[in-house]
Every structure is written in structure tokens, then in C-alpha cells.
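Heads up, the thing below is written out as C-alpha cells.
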Protein chains: 2
Amino acid sequence: MVGYHVAIAGATGAVGAEFLQLLETRDFPLASLKLLASERSVGKKIRFKNQDLTVEELKEDSFKGVDIAFFSAGGSRSRQFGPIAAEAGAVVIDNSSAFRMDPEVPLIVPEVNPDDAVTHHGIIANPNCSTIILLMALAPLHRRWPVRRVVVSTYQAVSGAGASGIVELEKQNRAHLAGESIVREVFPHQIANNLFSHNTAIDDSGYNEEERKMVKETRKILHEPNLAVTATCIRVPIARAHSESVNLEFADQRPTVAEATEALAAFPGVIVIDDRERNIFPMPLDASGRDEVFVGRIREDISHPNALDMFLSGDQILKGAALNGFQIAQLLIDRNAVKGAR
Amino acid sequence: MVGYHVAIAGATGAVGAEFLQLLETRDFPLASLKLLASERSVGKKIRFKNQDLTVEELKEDSFKGVDIAFFSAGGSRSRQFGPIAAEAGAVVIDNSSAFRMDPEVPLIVPEVNPDDAVTHHGIIANPNCSTIILLMALAPLHRRWPVRRVVVSTYQAVSGAGASGIVELEKQNRAHLAGESIVREVFPHQIANNLFSHNTAIDDSGYNEEERKMVKETRKILHEPNLAVTATCIRVPIARAHSESVNLEFADQRPTVAEATEALAAFPGVIVIDDRERNIFPMPLDASGRDEVFVGRIREDISHPNALDMFLSGDQILKGAALNGFQIAQLLIDRNAVKGAR
């Protein structure tokens with residue numbers, strides 16, 4: 001069996017830690033692993049398969065001999081070092097938004113549009129976390145019953161802002177319970193005992209960047225440039241799984257609840273949790289640490305003859321980020337699209 | 001000036017406490033105040049305007065000489081004692097869902113449908129908290145630009161389950177931070193670091209009771225029996241203000257953002273918080289303890305030519321319950337509809 005030389009750029013972040021965990025615990029033909037981060041983390045030891053790996057500085061010459069480079073070090077580092085890594089012969093699987101809308105860069109959810117991956121020119125983009133979680137429930141329905149409009153409201157975990165977001169929620173929760181003053185470092189607003197509109201820039205349309213990502217990336221992944229999508233993205237005081245309230249309008253007759261449930265349950269990576277009698281539905285606590293996206297509250301929308309409502313929860317760091325990237329790497333290996341594919 | 005004899009049934013609950021606070025701090029022509037509760041709380045002293053009032057047992061003969069009776073003691077007590085209080089000559093302002101859909105009982109948001117209040121036969125219903133908060137933003141728009149469909153997803157505070165809901169969130173937060181096991185007494189699922197579909201019964205339509213209330217009560221209050229409404233009601237780990245993500249489809253041309261903002265800002269009880277540059281929008285933390293419903297994120301829906309999106313936060317115990325009931329009492333007094341109106 002061939003082994004692959006892998007690098008993680010941003011190895012010390014929340015998503016980087018999850019890449020390490022996946023490479024350690026899942027089946028993957030690993031030949032070597034290089035951990036890269038900014039200068040600040042250089043020299044840090046990270047335990048991996050009973051060895052201490054030393055974090056190296058992310059530099060222009062970091063990618064010699066690397067086959068697969070997972071990037072989760074932010075957009076500016078991706079823009080700076082992604083093309084260099086690709087030029088050096090690696091396939092870059094980039095978790096930032098830097099290249100997602102580049103027409104030359106495939107934007108991949110492996111269960112949804114795997115065939116797009118092999119068209120890469122050295123860089124593949126991992127979609128936005130909220131987009132991936134939405135797509136896992138949207139795609140299996142859209143394939144059989146074309147969707148014409150999506151209205152989605154999110155309940156996004158603090159992990160979307162990285163490990164420091166999780167720490168900030170915990171610190172603020174402690175301060176809140178102790179009646180002490182709340183310190184804000186990561187988020188512009190208090191997150192403990194609060195929620196707020198996603199703190200990315202609003203443009204003239206009135207949508208913030210997170211919402212625009214959901215709209216544009218959904219269209220690109222589904223190859224539906226005109227799909228009607230509106231999103232309202234809200235940050236909630238929850239550690240690491242996102243939830244989404246989704247209303248889907250179908251172009252023609254909507255599926256029955258039974259048909260939709262069957263299509264969703266048959267889709268790899270989806271678990272239907274929809275126990276109306278016992279009131280058990282997707283919850284972020286249950287979805288945390290799980291690979292699958294949970295889908296439930298599937299029901300005919302009483303306000304529209306062709307619409308369905310549903311509710312989703314999915315782990316933001318796993319399927320929303322590292323797991324999806326890891327699955328892209330596995331897909332490329334399966335399709336023989338790592339070396340020499342450029 | 002005439003003074004009114006007032007009773008609070010359910011004086012020891014979260015909403016009862018807020019009624020007391022309102023009667024103490026706001027302008028109200030109070031002649032006497034009687035505090036009623038279940039046997040368990042009888043004899044408890046509650047401080048009110050420098051006096052100790054003693055909680056009495058809620059009984060059939062509790063309402064002699066009472067002009068206005070605020071009920072917030074749950075649906076079964078309202079059903080049992082509401083008609084008795086009305087028969088004894090009081091106007092009952094009932095915070096439970098017991099009478100809301102009774103065609104003989106007005107369902108009132110004073111800013112929205114005040115004229116309905118004077119048609120009462122001794123009982124007036126206070127709407128569901130999520131419904132009131134929605135109506136405060138929906139009504140001023142619907143009046144000028146008829147709305148044909150509402151898609152709403154809620155972010156509901158634990159106070160909707162009463163004072164014990166707030167205590168449960170706090171206890172679970174402490175246990176969660178200490179790494180101790182989580183005890184569930186009020187909610188069927190953990191609420192700290194979690195959210196879940198509103199834990200009311202789901203019927204054959206797939207909607208839970210909270211969602212059905214939002215649909216039916218909205219139609220009744222607006223006198224629009226055919227208004228299309230779909231709601232997804234979610235409980236979030238926040239103490240006492242609800243938020244709502246709202247998509248409105250208008251029957252004809254939608255208002256511009258400027259027109260909608262102007263209509264909302266001019267509506268009594270609404271504050272528009274919509275600072276796109278500084279990313280400041282309605283937040284439950286800011287809305288807590290406030291009379292007004294905060295409205296923001298007002299924008300043209302890019303997925304539909306006649307729709308707008310917006311986001312709301314409102315105090316669940318104040319405008320969502322006690323304040324709205326208190327305002328109903330003030331309205332009845334203003335319209336001379338307390339005594340002899342039956």
C-alpha cells in the first residue's frame with residue numbers, strides 16, 4: 001500500500017487538532033506527518049501515535065515532498081502559502097474561504113459532489129461549516145425533488161471562531177455565574193447567556209459574509225447558480241455543533257414526509273432523528289463528536305403546498321471542517337487524484 | 001381617581017413576580033392587592049410598597065370585590081378559577097393558553113388589536129410569548145403592506161418554562177463547568193450547552209403545540225384566518241429573552257428597507273436596532289428587562305422578490321407575558337371596560 005506524506009498548516013488550532021485526531025484514529029495510508037503553524041507555536045510538541053512531533057514554522061519551503069496539505073490557518077495564510085504548496089506538488093485541501101468561489105478550485109462535500117474533486121489544479125476548497133451541514137440534508141432531497149428556494153436560520157456554535165471561541169464561552173459562563181464582569185476577546189458581544197447575529201461584515205445587500213457564503217457555496221456545490229437561498233446566521237452559546245432550521249420549497253410536488261425521511265436516511269453521513277412521540281430530535285449536544293449530520297422535525301409546511309420544514313444539527317469541527325477535509329483526502333486517494341493529477 | 005382592587009393568581013411564579021414589580025413601579029390606580037397561589041405557598045410574605053403582603057390560597061371565594069384578576073398559574077387553574085372570578089365581577093386577564101382560542105375571549109396585544117379588548121365577557125387572554133413578540137414586528141408592516149406568508153424560527157429563553165427553567169439552566173451551567181453530571185428536572189433534555197425543539201406535544205401535522213399556538217394566535221389577533229404561517233420553535237440556553245428569525249412574504253410589492261424600518265420605528269413598543277456598520281442588532285441580553293421588542297437585520301430577501309428578512313428579541317417575561325397583561329389592564333381602564341362592561 002502506498003503511503004502519503006501529509007502536512008497540516010494550522011496544526012495547533014481547533015480544526016488542526018481534529019485533523020491530527022482523524023489521522024491518528026481513522027484508516028489512512030500515512031507515510032509521514034508534518035505539523036506547521038505560525039512562529040508563535042514553533043517548537044511545541046504534539047503527541048501523535050506514541051511519538052512527539054515538533055511544530056515547525058509554516059514557510060515557503062515547508063511543502064517539499066508533501067503529497068497532501070491540510071490548511072486551516074486562516075484565509076491570508078491560505079492565500080500566501082496555498083499556491084506555493086500546490087506548486088511544490090502537494091494537493092492543498094483548504095479550510096479557509098480564500099479559494100472557495102474561484103472557478104478553478106473545486107468546492108467539495110464528498111457525499112454531494114465527489115466528481116468535482118478530480119478536476120482540481122492542486123487546490124480543493126472545504127466549504128463553510130454551515131454550508132456543509134445544510135448540504136448534507138439538502139442534496140439528497142434536491143436530487144430527487146428539485147428544490148427552488150431555501151430559507152435557513154442557523155444556531156451556530158462558538159467553535160466556528162476556533163478553539164479560542166470555545167474558551168471564551170467557558171470563561172464568560174464562569175464569570176456570568178459568579179456575577180463577575182464579562183471579558184470579550186474573541187467575539188464583539190457577550191456570548192454567555194446571549195446570542196447575536198454572526199459578526200462578519202454586512203454588505204449593501206444587508207447580508208453578512210457568513211450568510212453570503214451559505215448562498216454562494218450552496219449554489220456552486222449543487223451546480224445550481226440560480227437556486228434561491230436566504231440565510232440568517234446567528235451565533236448561540238453552544239460549544240461545537242451547529243444547528244439549522246430549514247424551510248425548503250420544491251419546484252414541483254413536495255415529497256411526503258415518509259419519502260423525504262427515506263431519502264435522507266439512505267444518504268451516507270446523515271442520521272434521521274425524528275421521534276415525534278418522545279420528542280427526540282436533532283440536538284447539538286448529541287451531534288457533538290459525531291461524524292453524521294442529524295436531521296429531524298421533517299414535516300409538511302402548513303404555510304405552503306410545496307414546502308417542507310426540517311431541523312439539523314452537525315458537529316462544526318468534524319463534518320463542518322476537519323472531517324469533510326479528511327474525507328476529501330480519502331476521496332482523492334480513492335480516485336488516484338493525489339500525485340500527478342495537476 | 002378611581003382605584004381598582006387587583007388580584008394576582010400565581011403570585012409566586014416568574015410572571016407573578018413581574019406583575020408585582022409592574023404594579024409597584026408603574027403608574028397604576030391600585031386600591032388593593034391580593035396575592036393568590038396554590039396551598040404550598042400560602043402564608044408566604046411578599047414585600048410590596050413597604051408592606052408585607054401574605055399569600056392566600058387560590059379558592060372559589062377569592063375574587064369577591066376584585067376588579068382585575070391577573071392569572072398566571074397554569075392552564076388548569078385558569079380553567080377552574082377563571083370563570084369563577086369573572087362570575088364574581090372581576091375582569092380576568094389570563095396568561096395561560098386555556099381560553100386563547102375561545103371565540104368569546106378576546107386575545108389581545110394592546111398595540112395591535114386594542115379594540116377587541118372591550119368586547120370581553122369577563123375573560124381576556126394574553127397571547128403566547130413568542131406570538132406577542134412576533135406580532136409586535138409583524139403587525140405594523142402587515143397594516144400597510146399585507147403579508148401573505150410568515151416563516152419563523154425561534155430562539156426561546158428558558159424563562160418560558162417559568163422561574164424553575166431559569167434555575168435549571170443556571171444549575172446545569174454550573175454542573176457543566178464543573179464537569180459534574182447534569183440533573184434534569186424541568187426540561188426533558190439538557191439545556192446547558194445545548195438547544196432542543198420545544199418540548200410540547202407534536203400532533204399529526206408534525207408541529208408542536210408552541211408552533212401551533214404561534215400559527216393560530218397570530219391569525220386570531222390579526223383577524224386573518226387564512227394567513228400562511230410556519231414556525232419552528234427551539235429552546236436555547238438563554239435566561240429570559242426570546243429571539244426570532246422571521247421571513248415575511250408580502251401579497252404585493254414589499255416595502256423598501258427604509259419604509260419597513262420607518263413603519264417599525266414608529267410603532268409603539270418597538271425599537272429598531274439595525275446598525276450594519278458596527279454589527280449591532282437585536283440581542284436577548286439587551287432586550288432582557290426592557291419593555292420594547294427589538295427589531296433589526298431588516299433586509300430584502302434575495303431569494304424572493306416580495307419578501308423581507310428580519311430578526312427580533314424581546315423579554316419573554318415582560319412583553320411576552322406580564323407587561324402585555326398589565327398593558328391590557330391599563331387599556332381596559334382607559335376604555336372604561338373594567339366594571340360593568342360584562
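In the stretch B:224-235, what residues are of a type outside the set (S, T, N, Q), more than 9 Å from chain A (Cβ to nearest Cβ) and surrounded by fewer than 21 Cβ atoms within 10 Å (Cβ to Cβ)? B:GLU224, B:PRO225 - these are the residues of the stretch B:224-235 that are of a type outside the set (S, T, N, Q), more than 9 Å from chain A (Cβ to nearest Cβ) and surrounded by fewer than 21 Cβ atoms within 10 Å (Cβ to Cβ).
In the set (1) touching a residue at least 60 places away in the same chain (Cβ under 8 Å); (2) farther than 23 Å from A:GLY206 by Cα; (3) of a type in the set (Lys, Arg), the condition left unmet by B:ARG254 is number (2). How about the stretch B:138-160: which of its residues are small (Gly, Ala, Ser) and either away from chain A (no Cβ under 14 Å) or surrounded by fewer than 21 Cβ atoms within 10 Å (Cβ to Cβ) (or both)? Correct list: B:ALA139, B:GLY160.
Only one of the numbered conditions (1) hydroxyl-bearing (Ser, Thr, Tyr); (2) under 29 Å from A:ARG235 (Cβ atoms); (3) without any contact (Cβ under 8 Å) to a residue 40 or more places away in the chain is violated by B:SER96, and that is (2). Is one or more of the residues making up the stretch B:57-72 among the polar types (S, T, N, Q), buried (at least 17 other Cβ atoms within 10 Å of the Cβ) and more than 18 Å from B:GLU18 (Cβ to Cβ)? Yes, that holds for at least one residue.
Is at least one residue of the stretch A:249-259 farther than 30 Å from A:LEU23 by Cα, in contact with a Pro (Cβ under 6 Å, 6 or more places away or on another chain) and more than 8 Å from chain B (Cβ to nearest Cβ)? Yes, the conditions are met somewhere in the stretch A:249-259.
Checking each residue in the stretch A:182-198 for being β-branched (Val, Ile, Thr) and buried (at least 23 other Cβ atoms within 10 Å of the Cβ) picks out only A:ILE191. B:ASN194 meets all of the listed conditions (1) more than 9 Å from every other protein chain (Cβ to nearest Cβ); (2) without any contact (Cβ under 8 Å) to a residue 60 or more places away in the chain but one, namely (1).
For the list (1) touching a strand residue (DSSP E or B) at 6+ places or on another chain (Cβ under 8 Å); (2) over 23 Å from B:PRO284 (Cα atoms); (3) buried (at least 21 other Cβ atoms within 10 Å of the Cβ); (4) not assigned by TED's automatic domain parsing to the domain that holds A:ALA17, I need the number of the one condition that A:HIS120 fails. Only one criterion in (1) touching a strand residue (DSSP E or B) at 6+ places or on another chain (Cβ under 8 Å); (2) over 23 Å from B:PRO284 (Cα atoms); (3) buried (at least 21 other Cβ atoms within 10 Å of the Cβ); (4) not assigned by TED's automatic domain parsing to the domain that holds A:ALA17 is unmet by A:HIS120, namely (4).
Taken over the stretch B:7-48, the criterion of being charged (D, E, K, R) and outside any helix (DSSP H, G or I) is satisfied by B:ARG26, B:ASP27, B:LYS34, B:LYS44, B:LYS45, B:ARG47. B:PHE71 - would you say it is in contact (Cβ under 8 Å) with a residue 40 or more places away in the chain and aromatic (Phe, Trp, Tyr)? Taking the combined requirement at face value, the residue satisfies it. Number of residues in the stretch A:296-324 that are of a type outside the set (D, E, K, R) and within 14 Å of chain B (Cβ to nearest Cβ): the value is 15. When A:ILE202, A:ILE221, A:ILE238 are screened for being hydrophobic (A, V, I, L, M, F, W, C), under 16 Å from the mean Cα position of the chain (by Cα), on the phi < 0 side of the Ramachandran plot and not assigned by TED's automatic domain parsing to the domain that holds A:VAL15, only A:ILE221 passes. Within the stretch A:165-183, the set of residues being among the charged types (D, E, K, R) and away from every other protein chain (no Cβ under 12 Å) comprises A:GLU168, A:GLU180. Among the residues of the stretch A:1-46, those identified as basic (Lys, Arg) and either modelled with pLDDT under 95 or in contact with a strand residue (DSSP E or B) (Cβ under 8 Å, 6 or more places away or on another chain) (or both) are A:LYS34, A:ARG40, A:LYS44, A:LYS45.
With respect to A:ILE271, determine if the residue is crowded, with 24+ Cβ neighbours inside 10 Å, over 30 Å from A:HIS189 (Cα atoms) and either more than 12 Å from chain B (Cβ to nearest Cβ) or in contact with a Cys (Cβ under 7 Å, 6 or more places away or on another chain) (or both). No; evaluated as a whole, the condition is false for this residue. Among the residues of the stretch B:236-251, those identified as surrounded by fewer than 24 Cβ atoms within 10 Å (Cβ to Cβ) and either free of Cβ contacts under 8 Å to residues at least 24 places away in the same chain or among the small types (Gly, Ala, Ser) (or both) are B:ALA239, B:ALA251.
Only one of the numbered conditions (1) assigned to a strand (DSSP E or B); (2) in contact with a Leu (Cβ under 8 Å, 6 or more places away or on another chain) is not met by B:THR230, and that is (2).
The number of residues in the stretch B:298-331 being hydrophobic (A, V, I, L, M, F, W, C), assigned by TED's automatic domain parsing to the domain that holds B:ALA9 and in contact with a strand residue (DSSP E or B) (Cβ under 7 Å, 6 or more places away or on another chain) comes to 2.
As for the stretch A:207-222, it holds at least one residue that is assigned to a loop (DSSP other than H, G, I, E, B) and either within 7 Å of another protein chain (Cβ to nearest Cβ) or crowded, with 19+ Cβ neighbours inside 10 Å (or both). How about the stretch B:22-37: which of its residues are out of contact with any helix residue (DSSP H, G or I) (no Cβ under 8 Å at 6 or more places or on another chain), farther than 21 Å from B:GLY89 by Cα and in contact (Cβ under 8 Å) with a residue 12 or more places away in the chain? Of everything in the stretch B:22-37, just one residue is out of contact with any helix residue (DSSP H, G or I) (no Cβ under 8 Å at 6 or more places or on another chain), farther than 21 Å from B:GLY89 by Cα and in contact (Cβ under 8 Å) with a residue 12 or more places away in the chain, namely B:GLU24.
Condition test on B:ALA125, is it in contact with an Asp or Glu (Cβ under 9 Å, 6 or more places away or on another chain), surrounded by fewer than 23 Cβ atoms within 10 Å (Cβ to Cβ), more than 14 Å from every other protein chain (Cβ to nearest Cβ) and among the aliphatic types (A, V, I, L, M)? Spelling it out, it is not the case that B:ALA125 is in contact with an Asp or Glu (Cβ under 9 Å, 6 or more places away or on another chain), surrounded by fewer than 23 Cβ atoms within 10 Å (Cβ to Cβ), more than 14 Å from every other protein chain (Cβ to nearest Cβ) and among the aliphatic types (A, V, I, L, M). Among the candidates A:PRO114, A:PRO110, A:PRO83, the residue that is outside the structural domain of A:GLY162 (by TED's automatic domain parsing), surrounded by fewer than 20 Cβ atoms within 10 Å (Cβ to Cβ) and touching a residue at least 60 places away in the same chain (Cβ under 8 Å) is uniquely A:PRO114. Using the structure shown, decide if A:ALA241 is in contact with a Gly (Cβ under 8 Å, 6 or more places away or on another chain) and within 27 Å of A:ARG100 (Cα to Cα). For A:ALA241, the condition - in contact with a Gly (Cβ under 8 Å, 6 or more places away or on another chain) and within 27 Å of A:ARG100 (Cα to Cα) - is met.
Residue selection: A:GLU277 satisfies the criterion of being at the interface with chain B (Cβ under 10 Å from one of its Cβ atoms), surrounded by fewer than 20 Cβ atoms within 10 Å (Cβ to Cβ) and not aromatic (Phe, Trp, Tyr).
If you filter the stretch B:286-295 down to residues that are under 17 Å from the mean Cα position of the chain (by Cα) and not basic (Lys, Arg), you find that the one that is farthest from the other protein chains (Cβ to nearest Cβ) is B:ASP291.
The values are calculated or read from the model by the stated rules, or taken from the named source; none is laboratory data. This one's a predicted model, so the numbers in the text were calculated from it and none came from an experiment. Here the Cβ is made from the backbone with ideal geometry for all residues, glycine too, and neighbour counts use every protein chain on show.
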